[in-house]
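Input: a single structure, listed below in structure tokens.
No lab work stands behind these numbers, since they all come straight from the coordinates. Keep in mind that what you see is a predicted model, and the values were worked out from it rather than measured. Every residue, glycine as well, gets a Cβ built from its backbone with ideal geometry; the counts of neighbours run over all protein chains shown.
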Amino acid sequence: MVDDPFPVEIGPSHLQGLLGIPGDARGLVIFAHGSGSGRLSPRNNQVARGLRASGFATLLLDLLTPAEELDRRNVFDIPLLASRLVTATTWARQQRETASLRVGYFGASTGAGAALLAAAMADGRIGAVVSRGGRADLAGDALEEVHAPTLLIVGSLDGEVLRLNREALIRIEAPRRLTVVEGAGHLFEEPGTLDEVLEHAIDWFSQYLPGTAKETGDAQKS
């Protein structure tokens, strides 16, 4: 049975999150939302429900406080957003329910750049990264420091983002893949396209995420 997510508060900035933990969870996926989005994102919540049904715990959180969101510069401050992901990851390793779970990131739009930068900062402690319509290029030179297996999912109609992802892909030296969802735009609002994203995400996390935190060095480095 999949447990309903419950509210949590994380770090000195009191970031608001929703944590859902199914029985016998086989990993924890932390979501990095795109600009102007957060823990209540309908599309990311749909993906999170599917992941929990497949045995993965999920953490959806607002990477910015309401006051910080008023400054549009913060929305595109990739290092700031990545630091908040690192804070959330550290928090998860300190909670009894999630301490033993390997962590993966699911990033959307600008949040994908933050997820990849955070994965690079984690020095091999992140089990896998999945990007949905993401700006992987925003991770910059940190792409070459990403050790987590990375799946970039882009809609075929999202031409510029598709080009940027192709360029970013070759800079990642970890196991990597670019998957194009035919007929999908940037937000994957077309019928059935988000379901396809979910299928690809489940397959990727199932391949690379299961295990314990210690297997990626979390216990020694956190």
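List the residues, sorted by chain then number, that are 5 or more residues from residue 155 or on another chain and whose placed amide H is less than 5 Å from its amide H.
Long-range HN contacts for residue 155: 133, 181.
Whole number please: convex hull volume per residue of the Cα set in region 107-167, in Å³?
Each residue corresponds to 62 Å³ of Cα convex hull volume.
Roughly what percent of Cα-Cα pairs across region 67-196 reach past 19 Å?
Taking all Cα-Cα pairs of region 67-196, the fraction more than 19 Å apart is 48 percent.
Using the Cα centre of region 1-136 as origin and beta-carbon charges of +1 (Lys, Arg) and -1 (Asp, Glu), tell me which of 117, 7, 85 is placed farthest towards the positive end of the dipole.
Of the listed residues, the answer is 117.
Going 7 Å from the Cα of residue 207 toward and past its Cβ, which residues in region 92-133 have a backbone nitrogen under 14 Å from where you end up?
Taking a point 7 Å out along Cα→Cβ of residue 207, the residues of region 92-133 whose backbone N falls under 14 Å are 128-131.
What is the Rg over Rh value, at two decimals, for the chain, using alpha-carbon atoms and the Kirkwood definition of Rh?
0.93
Over region 75-197, what is the mean sequence separation of C-alpha contacts under 8 Å (at least six apart), divided by residue count, expressed as relative contact order in percent?
Relative CO of region 75-197 lands at 19 percent.
Let's see if you can work this out: charge +1 on each Lys and Arg Cβ, -1 on each Asp and Glu Cβ, no other charges. What is the dipole magnitude of the chain about its Cα centre, in debye to the nearest 20?
Dipole size: approximately 420 debye.
Expressed as a whole number of Å, what is the distance separating the alpha-carbon centroids of region 35-81 and region 121-139?
If we compute the Cα centre of each part, the gap is 14 Å.
Binning every alpha carbon pair distance of region 26-128 at 10 Å from zero, what are the percents per bin?
16, 50, 30, 4
So who's got an amide H within less than 5 Å of the one on residue 30, skipping anything under 5 residues away but keeping other chains? H placed 1.01 Å off N, in plane.
Here the answer is 59, 104, 105, 106, since their amide H atoms fall under 5 Å of that of residue 30.
Amide H to amide H under 5 Å from residue 124: which residues, 5+ apart in sequence or cross-chain, H placed 1.01 Å off N in plane?
Result for residue 124 returns 147.
Going highest first, how would you order 76-84, 8-16, 30-38 by mean Cβ packing within 10 Å?
30-38, 76-84, 8-16
Below 8 Å, C-alpha to C-alpha, sequence gap of six or more: please give me the relative contact order for the chain in percent.
18 percent
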